[in-house]
Amino acid sequence: MTDILSIDTNPKTVKGQKHGYMTAIVYLSPYKSSGQNICAMAELAECWFPCLNISGHGAIASDEFNPHGIPLPDNAIQRARLWRTNLYNYDRQKFMELVVYEIERFIRKAERKGLVPVIRLNGTSDIPFERGHPCRRNGTDYNSIFEAFPDVQLYDYTKRANRFNRTLPANYHLSLSYSGASDRYKLICMAAKQAHNCNLVVVVRNNKIKESAIANGGIDGDSHDLRFLDKPGAIVYLRAKGRAIHDKSGFVLDSPL
C-alpha cells in the first residue's frame, strides 16, 4: 500500500519551507486515466494533455501502460497515483480514513520541524472535497476534511468556476486556473473573477512572458506554491513545464493575460 499524501516532493512546494510552511499534496490519476473523470472541466479547458501529471519524475519511464485508453508512463509514481484514484473511486470511506490518518501524522511531522502544515487535496485532480466527502476523526463524524481539521490551511487550484458560487470553508483557499483554449472557458473565468474577485492562475510559454507579466503587476507563481498568501483578485503566472511547453491548444498563453 502506498501513502495518500506526498510531503514536499514537489520542487516548488519545498520553496514554501523558506516561508515557514510544509506542504502535503494528494496526487491522483487525472482526467479519465482511472476510468472515471475526476477533472470535470478538462476537455473544455483542454488541460488534460499538458497536465503536470506527466512531468518531472512522473514522466520518466522506458515504457507506457494504458489502463483506460490514456497512455501513462509506466513507473512507480503513475501506478501509485492510479492506486490512490481507484481507492477513491471504489472505496471512498477507506480513502477518507487514510487521508485523516495521514493528515494527523503530517501535522506532527511539520510541528517537529517547526513548520506550519498546509495541504492540497487536488495535486492532479479537481474534486470538490468541500461537499459530499464526509470523514471521521477521533470518533466524531464531520461533513468534510475542512471541518475535521479547522486549524489547518488547505488550498487548491481548480478549473471548476462554479465552486466559487458556494461559500467555501474558512480554511480553504481556491485559485481559478485559466485557459485560453476555448472562448466559452475564457468567459467562464472572467465572469467568475468579476463576480467573486477570485485569483486567476495563468500558464505562459516561457520566463520572458512571465517576467513581462510580473512587471505589470502579476504574481510569480513559481516562487512558491502558497497561493493562499496571494492578494485577493491577483493574476498569478506560471511557466509551462513538461508537455505543456509544447502545448498548442491555447491552454498555455504566449502573452500575459
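Fully extending the segment from Asn138 to Asp220, taken as 0.36 nm per residue of separation minus the present Cα-Cα distance, adds 25.6 nm. Placing a label point 7 Å from the Cα of Met190 along the Cα-to-Cβ direction, the residues of segment 144-160 whose backbone N falls under 20 Å of that point are 159-160. Each part gets one Cα centre, and for segment 35-63 versus segment 91-118 those centres are 25 Å apart. Rounded to the nearest whole Hz, the Karplus-based 3J(HN,Hα) values (6.51 cos²θ - 1.76 cosθ + 1.60, θ = phi - 60°) of segment 206-217 follow the sequence 8, 5, 4, 5, 4, 5, 5, 5, 5, 4, 9, x, with x at glycine and proline. Could you pull out the pairs from Lys32/Lys208; Lys18/Lys248; Lys208/Lys248; Lys15/Lys94; Lys94/Lys186; Lys186/Lys241 whose alpha carbons sit more than 30 Å apart here? From Lys32/Lys208; Lys18/Lys248; Lys208/Lys248; Lys15/Lys94; Lys94/Lys186; Lys186/Lys241, over 30 Å: Lys32/Lys208; Lys18/Lys248; Lys15/Lys94; Lys94/Lys186. Tell me whether the chain comes out rounded, prolate or oblate; compute the Cα gyration tensor, take square roots of the eigenvalues as a ≥ b ≥ c, and use a/c under 1.5 as the rounded threshold. Note, shape of the chain comes out rounded. Each residue of segment 97-104 was assigned a 3J(HN,Hα) from its phi angle through the Karplus curve 6.51 cos²θ - 1.76 cosθ + 1.60 (θ = phi - 60°); the sequence is 4, 5, 4, 4, 4, 6, 5, 4 Hz, with glycine and proline shown as x. For Phe65, nonlocal amide neighbours, meaning residues 5 or more places apart or on other chains whose placed amide H falls under 5 Å from its own, are Leu72, Asp74.
Rule-based calculations on the coordinates, nothing more; no lab input. Because the structure is predicted, anything quoted here is derived from the model rather than measured. Counting neighbours? That spans all protein chains shown, and the Cβs are built from the backbone with ideal geometry, glycine included.
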